[in-house]
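Reviewing the structure listed below.
Computed from the coordinates by the stated procedures, all read-outs in this text should not be read as laboratory data. Just so we're clear, the structure is a prediction, and the values are computed from it rather than from any experiment. Don't worry about glycine lacking a Cβ; one is built from the backbone with ideal geometry, like all the others, and counts go over all protein chains shown.
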Amino acid sequence: MLTDSQKKNLLIDFVLFLADTNLILGQRNAEWCAHGPILEQDIAITNISLDLIGQSRNFYQYAAKLLNENAGASQLPHNDLTEDSLAYLRTEREFKNLLITELPKQDWAHTVLRQLLYSLYSQSLYNRLLNGHDVQLSAIAEKALKEVAYHIKWSSEWVIRLGDGTDESHERMLIALQALWPYTGEFFIAATYETSITDYNVIQQEWSEKLTPILIQATLEVPQNVFMQKGGKQGIHTEHMGFILADLQYLQRTYPGAEW
Amino acid sequence: MKTFIGKQLYGDFGEQEPGGEIAKEKKAMHDEDAWPLWEVFIRSKQGLDHKHAGSLKAADAQMAIENARDVYTRRQEGVSIWVVESKHIHATNPGESESLFEPAEDKIYRHPTFYDLPDEIKHM
C-alpha cells in the first residue's frame, strides 16, 4: 500500500508530465510564428500553441500548489514554487514531456501530423481525467477537451489535404509519418506515476480507431514493425531537448525574476 | 541586363537555407493566385446581423471558415461565421455613384423625422 505522501508525489509527477508535454509542444509550434506558410495558417498554428501553453499553465499551477503543500518532499529546495519556476527553472532530466513534443518542427507535414497524433492521444487521456476522482484535473480536462477537439479537426484536415494532395505533399507526409511513428509507442506505456490511468490498452485502441480512417483518407499507410522510442515520461530525452530548454529558459536564467 | 532587386525581411528564409530553392518555393506558396480570396461575415451575438469583418485566403470553404475562426474570432468577436468566395460578390460601379446615390440627397422627407412620436414608444 502506498502512503498518502507517496500517492501525492506520484500525482505531482503525473501533473508535471501533463504540464511539460503541453508546454514543450506549445513552444515547438510557436516556432512557426512569422514563419507560417501563409498568414492565416501562421495565426492558426500559433493559436493552437497558445491553447497548449494555456493548458500547461493550468497543470503547472496545480503542480505548484501540490508541491508547496508538500514542501520538503520535492527535489526542489523551495516551498514558494510557481508555474513560472516550474517551467523556467527545472532541468532537462526533471522534464517529463513525451519525446514526440521536443522533436524539431521540420516542415508543415511534420507539424500537422505531430499535432494530430498527440491530440488524438490527449483527447483520450483527458476524457479519463474528466471522469476521474481528482476534481482539479477534471476541471482542467473539461476546458481543454474543447480546444483539443478543434486541434484534431484542424490537423486531421491538413493531414488529409496533404496526404491526398500532390506528389510532393504526399511524399512529405510519408516522410513525416515514418519519422514520427516511432515516437507514438511511448504514449501508451504507463509511467509509475500514472496510477489513475489504468486502461492504456483501451486508450491505444481508441487512438488507432480514430486515427486509421484519417490515414486511409489521406492515402497513408501505417509503418509496420517499427522500433518504438521511449524515455520522455521518465526524463530521458533526445538531443533536441537541451536546445529547446535553452530557448525557453534563457531569459529567466540570465536575468532571474525578470518581468514584462 | 535586368537586375532583380527584392526587399528581404526577417523570416523570409529558413534557418539553414540562404534562399535558393527555398526562396523559389516560398514564392510559389505566396503566389497571389495560389488560394482564392474569401469575404468573412461575423455575427457578434445572437439576434444581430452578420457583418462584414474582412477577407482572407483559403483553399476551400471549410478552410476559409477555420481561418476566419482563427483570424477574426480569437478575441470572442463572434458566435457565427459566414464566408463567401469574393468572386461571387457583385458590386456597384464607383463610376455610377452619381446616378445611383446622389438623387436621394434632396429627398429628406424620406426620413421619418417629421412625426411627433408618443412618449410611450421607446425604440424608434
Taking the Cβ of A:Phe17 as the center, what net charge do the other residues with Cβ under 9 Å away carry, scoring Lys and Arg +1 and Asp and Glu -1? -1
Violations at 26 Å Cα threshold for listed pairs A:Lys8/A:Lys143; A:Lys146/B:Lys45; A:Lys105/A:Lys153; A:Lys7/A:Lys65; A:Lys7/A:Lys210 -> A:Lys7/A:Lys210
Determine which residues of region A:178-205 fall in the zone a paramagnetic label at A:Asn131 would reach in this model, i.e. backbone nitrogen under 20 Å from the point 7 Å along Cα→Cβ. A:188-190, A:194-205
In region A:105-142, which residues have a backbone nitrogen under 19 Å from the label point lying 7 Å from A:Lys7's Cα in the Cα-to-Cβ direction? A:129-139
Can you tell which of A:Gln217, A:Asn68, A:Gln178 lies farthest toward the positive end of the dipole of chain A, using +1 and -1 charges on the Cβ of basic and acidic side chains (Lys, Arg; Asp, Glu)? A:Asn68
Just rank B:His123, A:His237, fewest to most, by other beta-carbon atoms within 10 angstrom. B:His123, A:His237
Determine the distance separating the Cα centre of region B:40-118 from the Cα centre of region A:180-202; give it in Å without decimals. 50 Å
Amide H of A:Thr195 versus every other amide H placed in the peptide plane: which residues, excluding those fewer than 5 positions away on the same chain, fall under 5 Å? none
Pseudo-spin-label distance A:Leu145 to B:Asp106, built 7 Å along Cα→Cβ, given in nm, is 6.8 nm
Those GluC sites (Glu not before Pro) from region A:20-124 that are DSSP loop and have at most 10 other Cβ neighbours within 10 Å turn out to be none
Debye, to nearest 20: dipole size of the protein assembly as shown, +1 on Lys, Arg Cβ, -1 on Asp, Glu Cβ: 840 debye
Would you compute, from DSSP H runs of 4+ residues alone, the mean residue ellipticity of chain A at 222 nm, taking -39500 (n - 2.57) per run and dividing by the full residue count, rounded to the nearest 500? -21500 deg cm²/dmol
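Neighbouring Cβ atoms within 10 Å as the yardstick, rank A:Asp42, B:Asp70 fewest first.
Fewest-to-most ranking of A:Asp42, B:Asp70: A:Asp42, B:Asp70.
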Built amide H within the under 5 Å cut-off of A:Cys33, gap 5+: none
Quick one: length gained pulling A:Arg253 to A:Asn70 fully straight, 0.36 nm per residue minus the C-alpha distance? 63.4 nm
